[in-house]
Every structure is written in C-alpha cells, then in structure tokens.
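Here's the structure, in structure tokens; my notes come after.
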Amino acid sequence: MNDLFAEKEKAKEKIFDALVEYAAACHVENIANEFQQEDDIYEQIPFPPELDRRIKKLINQYYRKEKAKSIWKDTKKVFPKVAAVFFTIFIIFTVGIISSEAFRIKILNFLIQAEKEYTSIDVGNRDSKNSKLDTSAIPSDWGEIYMPMHVPEGFKITNAETLSDVKIILYSNDNNQFIVFEQCDNEKSNIRIDTENAEVQQVKINNIEGLLVKKNGLITIVWHNNYSSFSLMSKINKEELLNMAESVK
Amino acid sequence: MLIFFAMIKDNQDRCKLEELYLKYQKDMFRVAYRILNDYHLAQDAVQLAFIKLIDNLDKINEINCNGTRAFVVIIVRNISINIYRKRRKESGISLDEMEYDIPDNNELALEDKVINNEMLAKILLKIKEMHPPYADIISLKYFYHYSNDEIAKMLDISNENVRVRLHRGRQSLLRLLSDEEIKK
C-alpha cells in the first residue's frame, strides 16, 4: 500500500513539473509577443553610440580570443604528429650513421666539406694579408736577421734551422715547390755553391755584385752586404728569385 | 590549412555574435532603460548582459527566433534588476521581500486542487501575473534547461539564491493557480 502511495506522489510531482515547464514556455511566448508591439515612448530614446562602440570592442576581443584558442587547439593536435615525424627521421639518421659506413662517410664528408668551405675562405684571407710577415717558425733566439720582404705568391715559411752558423729558412707552397734562403755573418761565411757543369752569371743585387748559378733547373743566387752573406736557392722563375733577393732587408 | 579552417569557424562565431547584437540591441537597451530609467546605467546593463550572452553563445542556435529573443530579454532584465537592487540597497528594500512571502505550506494539498483539465488555459493566464524574476528563473530552468550552476553564473547570483527563487517561483505559480480555484 505504502509503495503505491509513494509511486502516486512521485507521479504527481512529475505532473506538476510538467506544468511548470508549460508555464515556462508560456512566459517565453509572452516575452516574445510583448516586443513585437511598438512601444512609442521607448522608441524615442536614441541608441547610444558609446554603447555601440563598447559592444563592437567586445565582439572584436571575443573574436581574437577565440581565434587564438582555435589555432592553439589545432597546433596541439598537429604537434605530436610533427614531433613523431622528426623523431622518426632522427632515429633513421642515427641508425644509418651507426650501421652503414658508406652513409656515415657521406654525412661526415658533407660536414667536413662545409667546414672546409669556411676554412678555405678563412685561410684565403689570412694568406692575402699575413703570409710575408708570418715568422712564427723563426726561432726566437735568432735575434735580428735579414728577411726577404717580397715572397712569391703562395710561399710561406715552413721551416727554419741553424747549420754550422748558417741560418736557413725554408719556404714552400702547396705545389711542393721550395725556396731556401741562407744567411750568415761575413766572418763566419760558409755558403757553398755547386758550379760544376753549371751556368754562372754575374748579377747585381741592390748594386752589390752577386752570382747566379743555374744547374739542372735549380737556380742559386749568392751575394753579400757589409755584414752578411746570403743565398737563395729554388727551381722557380729566375726573375721571381731575383726580386726576392733584392727585397732582403 | 589548419589556420584557414580555424578562421572560418571563428568567422561563423563572429557573424553569429554580430547578428545577435544587430538584431536585439534596441530591445536590450529598451528593457534595461525601462527598469533602470537611467541612460548610463542602462548602457552598463546592456554591456554586462552582452558579456553573458558571449559566454553562452554556443547554446544559442537560431538568432531569429522567439526563444532567443526571450532569452536575451531575460538576461538583460535580470542584470538590470541586479543593478537596480545594488542602488536601492540603502533603502533596505529588497525585491525579494517586496511581495513574496509565500508560505511553504502543504504543496500536496494545493496540487490536488490545481491539477485538472482547465489547467493549461489558466497557466497561460496566470503566468503573466507572476513576478518577472521568478517567471524568468523558471523559464531558464524548465524551458532553456540550464543547470542551477549555469543560472547562478548567468545572473550573478549564488546557487542557494537560485534554489530559493526556483522554489518561490513554483510556490508562486501554485498560489496563483490555487487562488483561481478558491475563487470558483
């Protein structure tokens, strides 16, 4: 009996809720009908332009916010896929480099080439400025010495040593050509030249008598000043070697 | 491509918002002015109401329909009443106290009296006599099917307040309908 009563009460409650729902719909309809009638008094009140500006600003703000939210949402969707693609590429490269020698060489060569291009540009700049003055190979205990101011293009000091009081400076280039410059004090002069079966001619180096010897393509120039004796030996062009001799200071 | 589609969707929302504003701007201002009788306060009420509409834009499907019109009016009206209340607080008069001291008595007995075949016609008549804030909140709950939380947020009132008003609204409807029965 009690159950039946409770069920009936529940049902009555539902009926009343339905009535309230109906009442709500009637109220909404009343509001809609109310505004379809012209209302003269309130029609005369102008719509404020200031309010129009404020509402339009609200609309723009809303639009910007929604746009940013939407782009962020779509980016979040795409980002994991992009990350997965990059990760896959990275794994493939790593596995390729570790397992395949040919691939590894190719990659490393590419990197070195890039480095070389940078390096070669860098070295080129250094050559054009500093090669004549690059005396880092000269031992510091030599003190003041004579040096050629003009060195043929591409040559740089590659070695310097002392041999029986003769100071020897070796110049070389990338084509494996060399120039040997020797100097020693006149008192200790020990510069020797092989003139057997050689062409010998007298030359003037800065108005000082000297000798030019040519044998088997090798040119040797010897001369001296008041303090020191010098020789230059190389297979390069005779005029270049003479220029170099004349520039010794 | 993603940004393009995002922009289309945002454009649709923006068009909807602009359409809503253009359609109901005058109605909103009129409702607010009627309650507040102040040009500047009415503007504030409309702006606040519009912010509420933006927050609930996804629930508005059709701009040009009576349901949407009524919804807009309900929001503006209640926002305006809130502003009015704040200004009248000093006078010690609250709109809730003004009328509706409806005794919470024997709902079951009254229900027995009102549930009959002529009920629907009576409801249609009597709902006009109900205090508008109560009628509005009943509409939001039973016609628009908003939750109590959503109603509280929309009208800037507490959940407790929503429950109390819904209860009083129902009581008020019962009272109106039962008075009609008693007169018979």
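A short reminder: the numbers here are calculations on the coordinates, not readings from a lab. Since we're looking at a predicted model, the values are computed, not measured. Here Cβ is always computed from backbone atoms with ideal geometry, including for glycine, and neighbour counts include all displayed protein chains.
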For peptides A:76-86, A:45-55, sequence by mean Cβ density within 10 Å, most packed first: A:45-55, A:76-86
Separation in nanometres of the label points that stand 7 Å from Cα toward Cβ, at A:SER99 and A:HIS150: 6.4
Least to most buried among A:CYS184, B:CYS65 (fewest other Cβ within 10 Å first): B:CYS65, A:CYS184
Normalised alpha carbon radius of gyration of region A:154-213 [divisor 2.2 N^0.38 Å]: 1.31
For region A:4-18 versus region A:157-187, the gap between their alpha-carbon centres in whole angstrom: 119
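Per residue of B:60-71, what is the mean number of Cβ atoms on other protein chains within 10 angstrom of that residue's Cβ? All intermediate terms of the calculation are to be shown ahead of the outcome.
Details: counts 0, 0, 0, 0, 0, 1, 7, 5, 1, 7, 10, 2.
So the per-residue partner count for this stretch is 3.
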Number of partner chain Cβ atoms within 10 Å, mean per residue of B:23-32: 4
Charge dipole (region A:136-246, unit charges on Cβ, about Cα centre) - positive-most of A:ASN197, A:MET149, A:LEU163: A:ASN197
If the convex hull is drawn through the Cα atoms of region A:136-246, its volume per residue in Å³: 108
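Going down the table (B:LYS23/B:LYS153; A:LYS69/B:LYS153; A:LYS76/B:LYS23; B:LYS23/B:LYS122), which pairs top 26 Å between alpha carbons?
Flagged as over cut-off: A:LYS76/B:LYS23; B:LYS23/B:LYS122.
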Chain lengthening between A:TRP72 and A:ASP3 when straightened (0.36 nm per residue, less Cα-Cα): 19.2 nm
Residue-by-residue Karplus 3J(HN,Hα) for region B:124-129, coefficients 6.51, -1.76, 1.60, Hz, glycine and proline x: 4, 6, 6, 4, 5, 8
Per-residue average of Cβ from other chains inside 10 Å of A:15-22: 6
